[in-house]
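Q: Here it is, the structure, as C-alpha cells.
The values are calculated or read from the model by the stated rules, or taken from the named source; none is laboratory data. Just so you know, these numbers come straight off a predicted model, no measurement behind them. Because the Cβ atoms are built from the backbone with ideal geometry, glycine has one as well, and the counts that use them run over all protein chains shown.
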Amino acid sequence: MLNDTLPKYFDPRKYASHESALDGCLPLNQFKELCAILASDEGNAFIHLDFRVDEDRRYIATGSLTAQVQVVCQRCMGAVPYDLALDLSLGFVYDEDHAKNLPSHYDPVVMTDGEVILADMVEQEIILALPIVAYHEESGCNPTAVKYASSTDDAPDDEKPNPFSILAQLKAK
C-alpha cells in the first residue's frame, strides 16, 4: 500500500489469506501515550509488514518498523535522538488464551472483533523498544544546565548554620 493510504483498522485474516503487504508511515504526533514519554513528537514511524498464513494455520506478519525519536536525557533533561530499527514477527490471536499458545518467536497481537488498530499496534511496539534510560554522549551532554538548588546552597560554607547548634545549647544548660 502507499504511504498515504494506510488503513486505520485492518483485518489480519484477510491480509494473510491474500498474502498482502502493508507499507507506509505514521506521524509520531498521533501517538498520545508515546508523545507523553518523548521529548518531541516530531517525525514519522515507517512500517512494512508481509502477511501470510503459516503451516499451523496462524495469521502472522513479518516486517520492520523504523523511526527516529527524541528521548529525554537523564543527565541534562534535553532531547537525545534515538534510532529505532525493529524486526517484527507478529502472530494475530483472538484473545489472551490463544496468545499463550503462540511460539515464542511471535509477538502476540490481540484482534478486536477480527480487526487491529494499526496506530495502536505501532505505538505499543515503539514504546516497548525505547531504552529505559537514555543519555547524550559525554561530549554532548551539559548536566550543569539543570541545577537543583535550595536556599542553603546559596550561602557560603562559613555562614551555613550548624545543624548541631541546638544540641550545643542543650548541653550548656
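Q: The conditions are (1) small (Gly, Ala, Ser); (2) outside any strand (DSSP E or B); (3) closer than 25 Å to Ala21 by Cα, and Ala61 fails exactly one of them. Which is it?
A: Here Ala61 meets the rest and fails (2).
Q: Look at segment 62-79 and say how many of its residues are out of contact with any helix residue (DSSP H, G or I) (no Cβ under 7 Å at 6 or more places or on another chain), without any contact (Cβ under 8 Å) to a residue 60 or more places away in the chain and closer than 15 Å to Leu28 by Cβ.
A: Final tally of qualifying residues: 4.
Q: Do we find a residue being in contact with a Leu (Cβ under 8 Å, 6 or more places away or on another chain) and of a type outside the set (Val, Ile, Thr) anywhere in segment 71-81?
A: no
Q: All but one of (1) free of Cβ contacts under 8 Å to residues at least 12 places away in the same chain; (2) surrounded by fewer than 15 Cβ atoms within 10 Å (Cβ to Cβ); (3) in contact with a helix residue (DSSP H, G or I) (Cβ under 9 Å, 6 or more places away or on another chain) hold for Cys35, so report the exception by its number.
A: Checking Cys35 against (1) free of Cβ contacts under 8 Å to residues at least 12 places away in the same chain; (2) surrounded by fewer than 15 Cβ atoms within 10 Å (Cβ to Cβ); (3) in contact with a helix residue (DSSP H, G or I) (Cβ under 9 Å, 6 or more places away or on another chain), the one that fails is (2).
Q: Sticking with this structure for a sec: Can you tell me which residue is nearest to Asp54 (Cα to Cα) among those in segment 19-32 that are buried (at least 16 other Cβ atoms within 10 Å of the Cβ) and touching a residue at least 24 places away in the same chain (Cβ under 8 Å)?
A: If we take residues in segment 19-32 being buried (at least 16 other Cβ atoms within 10 Å of the Cβ) and touching a residue at least 24 places away in the same chain (Cβ under 8 Å), then Ser20 is nearest to Asp54 (Cα to Cα).
Q: Using beta carbons and a limit of 8 Å, which pairs, at least six apart or on different chains, have the first residue in segment 103-132 and within 20 Å of Asp83 (Cα to Cα) and the second one in a helix (DSSP H, G or I)?
A: Between residues of segment 103-132 that are within 20 Å of Asp83 (Cα to Cα) and residues that are in a helix (DSSP H, G or I), the close pairs are Ala119/Gln30; Glu123/Glu33; Glu123/Leu34; Ile126/Leu34; Ile127/Glu33; Ile127/Leu34; Ile127/Ile37; Leu130/Ile37.
Q: Related question: Would you tally the residues in segment 133-173 being modelled with pLDDT under 75 and surrounded by 10 or more Cβ atoms within 10 Å (Cβ to Cβ)?
A: Total meeting the criteria: 7.
Q: Over 22 Å from Tyr9 (Cα atoms), in contact with a His (Cβ under 6 Å, 6 or more places away or on another chain) and β-branched (Val, Ile, Thr): does that describe Val69?
A: No: the conditions fail for Val69.
Q: Among the listed residues Phe92, Phe51, identify the single one that is in contact (Cβ under 8 Å) with a residue 60 or more places away in the chain, in a strand (DSSP E or B) and touching a strand residue (DSSP E or B) at 6+ places or on another chain (Cβ under 8 Å).
A: Phe92
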